[in-house]
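To keep things clear, I will list the structure first and then write my remarks on it.
The values are calculated or read from the model by the stated rules, or taken from the named source; none is laboratory data. Note that the structure is predicted; figures quoted are calculated from it, not measured. Neighbour counts are summed over all protein chains in view; Cβ atoms, including those assigned to glycine, are modelled from backbone coordinates with ideal geometry.
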Amino acid sequence: MSDSAGQATAVSIVVGIRRLGRSWYRLLFFLARHVRYITAPMRRQAFIHFCHWMVLTDVPNEDGGRSRLPRPVLWFESNYDGDVTRYMDTFARTIPWRMRAAWMPTRGFPDVFPSGPFHEWTVDNAFEASHYWVAYPSATTKDVGRALRVRGEVDVLRRAIAGAPPESVAEHWTAFLARTQRDL
Amino acid sequence: MNCIQLSILTAVLDGHRDALRTVLAGLPTEHASPFARVAGTHNGRWVVLDTAASPDAPRRVGGVPRPMLMCSAVIDRSADDWLANLLEELGGDADRIWGHCVGWPVGANRVSFLLEHRVQPSLAFATWNAPVDEVREALALHARMSALAVRSRAMTAAQLHAALDKALAP
């Protein structure tokens with residue numbers, strides 16, 4: 001089993017959805033796709049590289065066709081920095097109502113507080129990856145953000161020093177350092 | 001192209017769950033992982049959804065009747081191209097993995113089979129939506145510029161010019 005690769009951890013949570021939950025998810029996911037405010041805290045926290053939710057109403061069967069599930073299932077996958085309970089804990093503390101909106105319609109969800117039952121529920125419904133790989137294992141999500149921002153400033157520096165006299169390079173370099181000091 | 005979430009869900013044949021797990025556990029990891037050889041891959045995983053209840057690991061996945069195999073990846077190119085490339089890189093391992101799944105075709109049409117088993121995400125999120133090569137280049141450039149920022153304090157203008165030429169070289 002391998003749920004981690006360098007700084008990154010994989011989590012796969014698979015859990016049944018309660019009655020009327022499917023309609024709730026349809027609305028929630030529609031809003032989240034169109035209103036950036038809903039996912040803004042996840043972007044600000046910057047420790048999720050990628051994640052996604054899938055609602056399954058049927059699955060492949062033994063005949064090569066598909067069988068309808070007695071109730072829909074929510075399949076959540078995430079690639080993030082840290083361990084699963086810390087990950088869920090951080091979101092529970094910072095965005096409790098969004099977490100409730102995301103998980104309340106699932107079966108057995110005990111609320112995000114107190115944390116003990118919530119941790120237990122998370123671990124109970126998490127499936128380990130049999131194989132996991134990431135392209136840049138030594139980088140956290142924040143590292144990727146810093147690198148992309150510095151890359152943009154390097155383009156500015158490149159243009160500034162192209163054909164510039166050697167004595168002015170130090171000036172451009174100092175300006176570059178001032179602009180990127182928080183990211184270097 | 002924006003990153004896309006690709007998820008392929010297939011049903012595991014009766015009695016094949018443990019053998020499938022053994023195959024997946026035996027795949028080379030890190031730089032030798034099959035995903036490492038497929039261009040445009042941010043990350044990839046195989047997960048066996050084990051629905052069998054056991055005293056030490058009860059599973060309560062609502063109504064899923066049998067074990068399932070999920071192959072998922074975040075990629076920056078079309079699913080067709082990426083899957084064709086994955087199958088090419090996997091070689092015989094593709095049959096050793098999905099041969100434990102219902103309906104896996106021998107020989108042709110394997111990309112079509114996988115695409116037919118694709119599950120679309122209801123919601124996908126990315127903090128940074130950049131192609132994988134761009135992220136890798138940015139990380140390497142960041143390391144060079146950080147190192148230069150430290151060294152540059154003791155450099156003359158000419159040395160800095162030369163060092164920048166080197167650090168900014170593609």
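Would you please name the residue that is nearest to the other protein chains (Cβ to nearest Cβ), looking only at residues in the range B:14-35 that are touching a Pro at 6+ places or on another chain (Cβ under 9 Å) and surrounded by 15 or more Cβ atoms within 10 Å (Cβ to Cβ)? Selected residue: B:Leu27. Counting only helices (runs of 4 or more DSSP H) that sit completely within the range A:114-184, those holding 2 or more residues that are under 28 Å from B:Val135 (Cβ atoms) correspond to A:141-161, A:166-180.
So that you can scan it fast, the table gives a plain yes or no per residue for (1) at the interface with chain B (Cβ under 7 Å from one of its Cβ atoms); (2) in contact with an Asp or Glu (Cβ under 8 Å, 6 or more places away or on another chain); (3) modelled with pLDDT of 90 or more:
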residue	(1), (2), (3)
A:Phe29	yes, no, yes
A:Pro72	no, no, yes
A:Asp81	no, no, no
A:Ala102	no, no, yes
A:Phe109	no, no, yes
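Scanning the range B:65-75 for residues that are over 11 Å from the mean Cα position of the chain (by Cα) and either more than 9 Å from every other protein chain (Cβ to nearest Cβ) or buried (at least 21 other Cβ atoms within 10 Å of the Cβ) (or both), we see that the one that is modelled with the lowest pLDDT is B:Pro67.
Could you please let me know if B:Leu148 is free of Cβ contacts under 8 Å to residues at least 40 places away in the same chain and more than 7 Å from chain A (Cβ to nearest Cβ)? Yes, satisfied. For the structure I just gave you, tell me whether A:Arg19 is more than 10 Å from chain B (Cβ to nearest Cβ), modelled with pLDDT under 90 and outside any helix (DSSP H, G or I). The answer is yes for A:Arg19.
Please enumerate the residues belonging to the range A:75-90 that are in contact with a strand residue (DSSP E or B) (Cβ under 9 Å, 6 or more places away or on another chain) and either in contact (Cβ under 8 Å) with a residue 40 or more places away in the chain or of a type outside the set (A, V, I, L, M, F, W, C) (or both). Break it down stepwise before answering.
Keep residues of the range A:75-90 that are in contact with a strand residue (DSSP E or B) (Cβ under 9 Å, 6 or more places away or on another chain), which gives A:75-84, A:87-88.
The answer is A:Trp75, A:Phe76, A:Glu77, A:Ser78, A:Asn79, A:Tyr80, A:Asp81, A:Gly82, A:Asp83, A:Val84, A:Tyr87.
When the range B:104-119 is limited to residues that are free of Cβ contacts under 8 Å to residues at least 12 places away in the same chain and part of a loop (DSSP other than H, G, I, E, B), the one that is nearest to the other protein chains (Cβ to nearest Cβ) turns out to be B:Pro105.
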